[in-house]
1. Out of N310, N322, N283, which single residue is touching a helix residue (DSSP H, G or I) at 6+ places or on another chain (Cβ under 9 Å), in a helix (DSSP H, G or I) and among the polar types (S, T, N, Q)?
2. Return yes or no: is P249 assigned by TED's automatic domain parsing to the domain that holds I31, surrounded by fewer than 23 Cβ atoms within 10 Å (Cβ to Cβ) and more than 30 Å from F185 (Cα to Cα)?
3. Given the criteria closer than 26 Å to K127 by Cα, charged (D, E, K, R), touching an Asp or Glu at 6+ places or on another chain (Cβ under 6 Å) and at pLDDT 95 or above, does K109 qualify?
4. Could you please give the count of residues in the range 325-350 that are open to solvent by less than 60 Å² (accessible area, probe 1.4 Å) and assigned to a loop (DSSP other than H, G, I, E, B)?
5. Considering each of A3, A76 in turn, give the residue that is out of contact with any Gly (no Cβ under 7 Å at 6 or more places or on another chain) and at pLDDT below 60.
6. Against the conditions (1) buried (at least 20 other Cβ atoms within 10 Å of the Cβ); (2) over 23 Å from A237 (Cα atoms), where does I88 fall short? Just the number, please.
7. Considering only residues that are open to solvent by 20 Å² or more (accessible area, probe 1.4 Å) and not acidic (D, E), look in the range 224-238 and name the one that is nearest to the chain's Cα centre (by Cα).
Amino acid sequence: MGAAGLAATGGLLAACSPKAGGGGASGKLKISSYGGNFEQAMSEHVYPVFEKATGIQVESISQPSGLQFLLQLIEANKAGLAPMDLCISTMIDVGRGRKADLWHIRDPKPLTNLGNLPAQYVAQTDKGIDGVGALGWFLAFVVNPDLVKPIPDSWTALWAAGNKDAWGLNGGAGLLYEITAKTYFGGTEILDTEDGILKVLGKIAELKPNTKLWWDSEGTMQTALENGEVKGGVYFADVAATLKANGTPLQIVFPKEGAVIDFGCWCQPKSSKKIAEADAFINFMCTPEAQELIARKVNAPPLIKKELLNLTPEEFAKVSSNVAPIDVNYKARGLHLDFMATRFNQMVSS
């Protein structure tokens, strides 16, 4: 992870103090985040700065990914139980939780730093804000430089002849849809209709001879990269950076078409009563200082506007790219997610 020092500046202390960030905040806050390297980095490098700035103690809880976690949280919320005060939810799960009346609607007034986030990273309903961008993650092209030469600069290399059984690619309703749509169909808008989805899927089907592994679990792909089962493929840039730092031969490529950026939101179950404390934490996470910690210590791309950040070009390049990213088509996924997953799985098994 990044070597830059951990420092709480005077500006950060003022920005996320209970008075500035959510009046009346005190005590403790249970925060769940994705387990493994991510939760460890947040616990070691981010939460302590917040605690020092506010006096609010964070209890870190490991959060699994996947729909089962959300369903369990919905049931707990209906029973009036709050397993945590804040969790990270993908935009798909923000929408699912919204339909189940799961999320607290935030008053934006205590969130004095909210304007640092581009509007696309704030989840809005007709009732108000129910999710605020936590952090992003890129799906990039990763390759073993000992096995793949020259290093590709385009997603089209996934389809290139001579790469039989080379790749590990994410399956199901994964973001390979967006990668293919942007690379071969001019953009992700084609995913708005089922006919368009099928056209994109036809192009994805051409990848079958070059694909050694269709992965759904991040850990499955990690193992395949570590033991050389695959020469590369589509993988999370932040996890790949950690693997590279630990000795796995990997080159992380942000292709000229863009890497795919997805992001999670801080969401609060209605059963949690720690409103002021959660406001203080979310407001803290929208500061440049907190987002710089995300880049340097968590190996994840910051979500706030780039001009607000004090990152060196090298630090920025480690976690992001100046090439415009491929955005996830959340509208299409909200409408057609089951169709996308079912047809994808049929394609793989046929």
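1. It is N283.
2. On the way: assigned by TED's automatic domain parsing to the domain that holds I31: no; surrounded by fewer than 23 Cβ atoms within 10 Å (Cβ to Cβ): yes; more than 30 Å from F185 (Cα to Cα): yes.
Criteria not met by P249.
3. Details: closer than 26 Å to K127 by Cα: yes; charged (D, E, K, R): yes; touching an Asp or Glu at 6+ places or on another chain (Cβ under 6 Å): no; at pLDDT 95 or above: yes.
Judged against the criteria, K109 is not a match.
4. 3
5. Exactly one residue qualifies, and that residue is A3.
6. Status for I88: all satisfied but (2).
7. Restricting attention to the range 224-238, the residues satisfying the condition of being open to solvent by 20 Å² or more (accessible area, probe 1.4 Å) are 226-229, 231, 236, 238.
In the following step, the residues that additionally are not acidic (D, E) were identified as 227-228, 231, 236.
Working: N227: 25, G228: 26, K231: 24, F236: 9 Å.
Going through the qualifying residues, I end up with F236.
Rundown of residues vs (1) closer than 29 Å to K306 by Cα; (2) basic (K, R); (3) open to solvent by 20 Å² or more (accessible area, probe 1.4 Å); (4) outside the structural domain of N283 (by TED's automatic domain parsing), yes/no style:
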{"residue": "F38", "(1), (2), (3), (4)": "yes, no, yes, no"}
{"residue": "M42", "(1), (2), (3), (4)": "yes, no, no, no"}
{"residue": "E51", "(1), (2), (3), (4)": "yes, no, yes, no"}
{"residue": "Q68", "(1), (2), (3), (4)": "no, no, yes, no"}
{"residue": "E75", "(1), (2), (3), (4)": "no, no, yes, no"}
{"residue": "V94", "(1), (2), (3), (4)": "yes, no, no, no"}
{"residue": "I105", "(1), (2), (3), (4)": "yes, no, yes, no"}
{"residue": "T112", "(1), (2), (3), (4)": "yes, no, yes, no"}
{"residue": "Q124", "(1), (2), (3), (4)": "yes, no, yes, no"}
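The values are calculated or read from the model by the stated rules, or taken from the named source; none is laboratory data. What you see is a predicted model, and the numbers here were worked out from it, not measured in a lab. Neighbour counts run over all protein chains shown; Cβ positions are idealised from the backbone, glycine included. The area values use the complete protein model at the heavy-atom level, side chains included, leaving out ligands, DNA and RNA. Shrake-Rupley method; radii C 1.70, N 1.55, O 1.52, S 1.80 Å.
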